[in-house]
Amino acid sequence: MLYLKRIVLICCVLVVHSGFSQEHPNLILTKQGVKDIKSQLGNVPLFDATLAQVKAKVDAQIKIGIEVPVPKDMAGGYTHERHKLNYITMQEAGVLYQILGDEIYAIYVRDMLMKYAELYPGLPRHPQERSYARGKLFWQCLNDSNWLVYTAQAYDCIYEYLSKKEVKHLEKKLFKPMADFLSVDTPQFFNRIHNHSTWGNVAVGMIALVMNDDALIDRALYGIKDLKLDAGKDNDGGDIFVEGQKAGFLANLEEPFSPDGYYTEGAYYQRYAMYPFMIFAEALHNVKPETKPFQYKEGVLLKGVDALLNLTDKDGEFFALNDSQKGMSYFTESLVSSVDIAYYYGTKDASLLSIAKEQGRVQLDQTGLAVAVAVRDGKEKPFVKKSRLLRDGAKGDEGAIGILRSTKHDAFTLVMKNAAQGLSHGHYDKLSFSLFHEGNELLQDYGLARFVNIEQKNGGGYLKENKTWAKQSIAHNTIIQDETSQFNGDYEIGSKHHSDMYVFDVENLDVQIVSAKEKNAYPGTLLQRTMVMLNHEDFEQPVVLDLMQVNADAKHQFDLPFYYFGQIISTSFDYTKGETLSPLGKAHGYQHLWKEGEGASTTGDAALTWRNNNTFYTITTSASKEDDLIFGRIGAHDPEYNLRPDPVFIVRKNTDHALFASVIETHGSYSTVSELAKNAFSSVKSLKVLQSSVDYSAVEINMENGDSLVFIMANSNASKTEKHNLIINDKTYNWTGVYYFNKQ
């Protein structure tokens, strides 16, 4: 009996101390990785430059000293920004300790962690009561999770520098309580499918890997099991819990990503979520390689990086899909990490090296070293962005994002959104589009209504105008029926539906087509939009042909807005500009639009020419004398100037069926030096609708040079082998495939 007791005691001791048996660092940096880095220092310019920049930043913070203030501020406030700077500096200091071996960095991290271990046990939830899931260090658990994801890396880097007593103290007073707080104490944050939860799952998982806590790792991967909650809403109106739904890191990897790597919330939030996704995948690969994170769902994380890079304009800025702050690009730190990790754990795609070279810095680990060495050795190849269809939905069957790029030096990019709702960050803008010329927005998507981390504007959080304006259909270049947003602006209804892709055909680079249908946005109304990027000798630049086919079971008011930038040069129709301003409507975003002017066409079409960035643009659109042509501007009912005063041109028809047909043309230039305008006039003489029905949409583009171009879209049969015979105005058109395009 005594012998058995001794055996049990020995086993218990081994279990208790199993956490100390693994080597550190092993999370992101590894022992071998550190050796490899040290052997290359001074010989890899990109890595060396990054290391020098990080060292200068951290040294400056060490000189200032440690400050761990009692939390009180919203995003952008002092305490918020101080705690954010602390976790970034700790992570970087930990890396410097491993690479440079200077104890000053380990001491800095240790002393700051001890300060947090002293502060944290007595902290209540944050005093700012704005979040559905208040944190302790920050106003929302999301930011507490950011803190833990970064700090776990710092802790891993100095783990072996600490005494066992210090390790025990930090884990008892700080890390384990924080992991429990973010998960079991705040299940409405942790147990859901959302980018917030991804950060929470990864935060718990990262610290669990350092502490070698299998129970926490299981919680991070699979969520809190057997959880019962009442359904509720987050700050953005999204569900915080759905009965029976999966949760945890793997569920957040499975559900929001399509097989093409598109993340349903859109590029802006995909960019934000890719850091925790990729950094935890790297950590799992290093500590628990049996999980095979980079092979999960047929390598969806690696596909996600590729998809995200393709969701950018010529300058690397992400397209404004759903809630998106404009200007965010792949130069952000999260994409530096993602590109390096994808290169290292993927197929060593040399085109990723060109992105890394543009970014000008690398992650300070073995992945960043590999990228920097390859760049040094001149192995990079251009990252070529091509026309691309990115399916939405976990199975790829919930619509898609269609991207058309011109063949002339990536000068034009068209992005058409035919996807799912996009969770709580989604907008009501099915069949909407945005258009870019030389990296500049030609026709824009508004993006979000928020001043991120600017405290004066609602504490840096979302503004009420995000719901009353930015999410509403009228804020986008898409169709609106009866001044009511698609799905009545109801999140629950919108989340049940998605648009259906009809055609994506880019085989002929001179006639690239994306077409989709939407039958649920307005009951009884079938919408189909076909957008064509045309390269043709009659046009100076590639043009976009936009065919919005509307077929309803009753007469309605339909509005199709075009949000342009620049100053109006001329119109082909008469209009009256009002002496006073009044809102265009009362709800669904219309209350935020000033009506500036109104006109009508007597010729069957209408042309608007404007100038922006010394380039001329013209929209020629079909319009009967009964149609209204409205000039508007954002800014009504906006007492705090939360909205940008951007202009809009709206085509309004009252009908039960119609084809909104438009040609969007770029032409000419203006020199402010010579003060001369070149090709300031459109080359389109007229645009005629030849056919408008459920089965066919047909237009004739008459050019100033005398040419006539006819485009016909078969709306009901997308087969490439189907033969069509259509008689229009006593003329017979025969063709095979979904479209006809020819000069008459």
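The values are calculated or read from the model by the stated rules, or taken from the named source; none is laboratory data. Everything numeric here is computed off the predicted structure, so don't read it as measured data. Positions of Cβ are backbone-derived with ideal geometry, glycine not excepted, and every protein chain shown enters the neighbour counts.
Miscellaneous remarks
- Restricting segment 150-166 to residues that are without any contact (Cβ under 8 Å) to a residue 60 or more places away in the chain and out of contact with any Leu (no Cβ under 8 Å at 6 or more places or on another chain), the residue that is nearest to Phe249 (Cα to Cα): Glu166
- Consider segment 484-513 and keep the residues that are surrounded by fewer than 18 Cβ atoms within 10 Å (Cβ to Cβ) and in contact with a Phe, Trp or Tyr (Cβ under 6 Å, 6 or more places away or on another chain). The one that is farthest from His637 (Cα to Cα) is Val511.
- Considering residues of segment 51-86 that are assigned to a helix (DSSP H, G or I) and of a type in the set (Lys, Arg) only, the residue farthest from Leu148 (Cα to Cα): Lys63
- Residue check for Val210: β-branched (Val, Ile, Thr), at pLDDT 95 or above and under 25 Å from Tyr272 (Cβ atoms): yes
- Residue in segment 121-135 that is assigned to a helix (DSSP H, G or I) and of a type outside the set (Lys, Arg) present: yes
Residues checked against (1) among the polar types (S, T, N, Q); (2) buried (at least 17 other Cβ atoms within 10 Å of the Cβ); (3) on the phi > 0 side of the Ramachandran plot:
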| site | (1), (2), (3) |
| --- | --- |
| Ala623 | no, yes, no |
| Asn642 | yes, yes, no |
| Phe649 | no, yes, no |
| Asp656 | no, no, no |
| Ala661 | no, yes, no |
| Ser669 | yes, no, no |
| Ser674 | yes, no, no |
| Val699 | no, yes, no |
| Asn705 | yes, no, no |
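- Ser424 meets all of the listed conditions (1) assigned to a loop (DSSP other than H, G, I, E, B); (2) more than 19 Å from Val503 (Cα to Cα) but one, namely (1).
- Looking across segment 204-222, the residues that are more than 17 Å from Cys157 (Cβ to Cβ) and crowded, with 24+ Cβ neighbours inside 10 Å come down to Val204, Gly205, Arg219, Ala220.
- With respect to (1) at positive phi; (2) touching a helix residue (DSSP H, G or I) at 6+ places or on another chain (Cβ under 7 Å); (3) not polar (S, T, N, Q), the lone exception for Gly360 is condition (2).
- With respect to the conditions (1) modelled with pLDDT of 95 or more; (2) of a type outside the set (Lys, Arg); (3) over 26 Å from the mean Cα position of the chain (by Cα), Gly578 falls short on a single one, namely (1).
- Within segment 269-311, restricting attention to residues that are surrounded by 23 or more Cβ atoms within 10 Å (Cβ to Cβ) and of a type in the set (Ser, Thr, Tyr), the residue that is nearest to Asn440 (Cα to Cα) is Tyr269.
- Failed item in (1) within 20 Å of Val210 (Cα to Cα); (2) in contact with a Cys (Cβ under 8 Å, 6 or more places away or on another chain), with Lys31 passing the rest: (2)
- Members of segment 584-610 that are closer than 22 Å to Leu443 by Cβ, outside any loop (DSSP other than H, G, I, E, B) and not charged (D, E, K, R): Tyr590, His592, Leu593, Trp594, Gly597, Gly599, Ala606, Ala607, Leu608, Thr609, Trp610
- Here Phe257 does not qualify as over 19 Å from the mean Cα position of the chain (by Cα) and surrounded by 24 or more Cβ atoms within 10 Å (Cβ to Cβ).
- Subset of segment 174-194 (residues that are part of a helix (DSSP H, G or I) and within 16 Å of Arg134 (Cα to Cα)): Pro177, Met178, Ala179, Asp180, Phe181, Leu182, Pro187, Gln188, Phe189, Phe190
- Criterion violated by Asp365 - all others in (1) under 18 Å from the mean Cα position of the chain (by Cα); (2) of a type outside the set (Ser, Thr, Tyr); (3) modelled with pLDDT of 95 or more; (4) surrounded by 24 or more Cβ atoms within 10 Å (Cβ to Cβ) satisfied: (1)
- Within segment 144-169, the set of residues being assigned to a helix (DSSP H, G or I) and surrounded by fewer than 21 Cβ atoms within 10 Å (Cβ to Cβ) comprises Glu160, Tyr161, Lys164, Lys165, Glu166, Val167, Lys168, His169.
- Of Asn520, Asn488, Asn440, Asn508, all but one fail to be within 18 Å of the chain's Cα centre (by Cα) and polar (S, T, N, Q); the exception is Asn440.
- Subset of segment 624-644 (residues that are assigned to a strand (DSSP E or B) and closer than 16 Å to Thr576 by Cβ): Asp628, Leu629, Ile630, Phe631, Gly632, Arg633
- Segment 24-42: number of residues that are farther than 20 Å from Glu333 by Cα, in contact (Cβ under 8 Å) with a residue 60 or more places away in the chain and of a type outside the set (Gly, Ala, Ser): 10
- Positions within segment 296-314 being of a type in the set (S, T, N, Q) and in contact with a Leu (Cβ under 9 Å, 6 or more places away or on another chain), in sequence order: Asn310
- Within segment 420-433, residues that are among the acidic types (Asp, Glu) reach partners that are assigned to a loop (DSSP other than H, G, I, E, B) and at pLDDT 95 or above with beta carbons closer than 7 Å, at six or more positions or on different chains, in the pairs Asp429/His476; Asp429/Thr478.
- Matching residues, segment 699-744, being acidic (Asp, Glu) and either part of a strand (DSSP E or B) or more than 18 Å from Val689 (Cα to Cα) (or both): Glu700, Glu722
- Residue under evaluation Lys381, criteria (1) surrounded by 20 or more Cβ atoms within 10 Å (Cβ to Cβ); (2) within 21 Å of Ser329 (Cα to Cα); (3) touching a helix residue (DSSP H, G or I) at 6+ places or on another chain (Cβ under 9 Å), criterion not met: (1)
- Number of the condition not met by Thr89 [criteria: (1) buried (at least 19 other Cβ atoms within 10 Å of the Cβ); (2) assigned to a helix (DSSP H, G or I); (3) over 29 Å from the mean Cα position of the chain (by Cα)]: (3)
- Residue that is nearest to the chain's Cα centre (by Cα), among those in segment 110-131 that are within 15 Å of Met74 (Cβ to Cβ) and surrounded by fewer than 20 Cβ atoms within 10 Å (Cβ to Cβ): Arg130
- Some residue of segment 328-347 being surrounded by fewer than 19 Cβ atoms within 10 Å (Cβ to Cβ), over 16 Å from the mean Cα position of the chain (by Cα) and among the aliphatic types (A, V, I, L, M): no
- Residue count for segment 296-315, restricted to those that are assigned to a loop (DSSP other than H, G, I, E, B) and either under 19 Å from Leu448 (Cα atoms) or among the basic types (Lys, Arg) (or both): 3
- Top-ranked residue in segment 678-698 [being in a strand (DSSP E or B) and free of Cβ contacts under 8 Å to residues at least 60 places away in the same chain; ranked as nearest to Glu537 (Cα to Cα)]: Lys685
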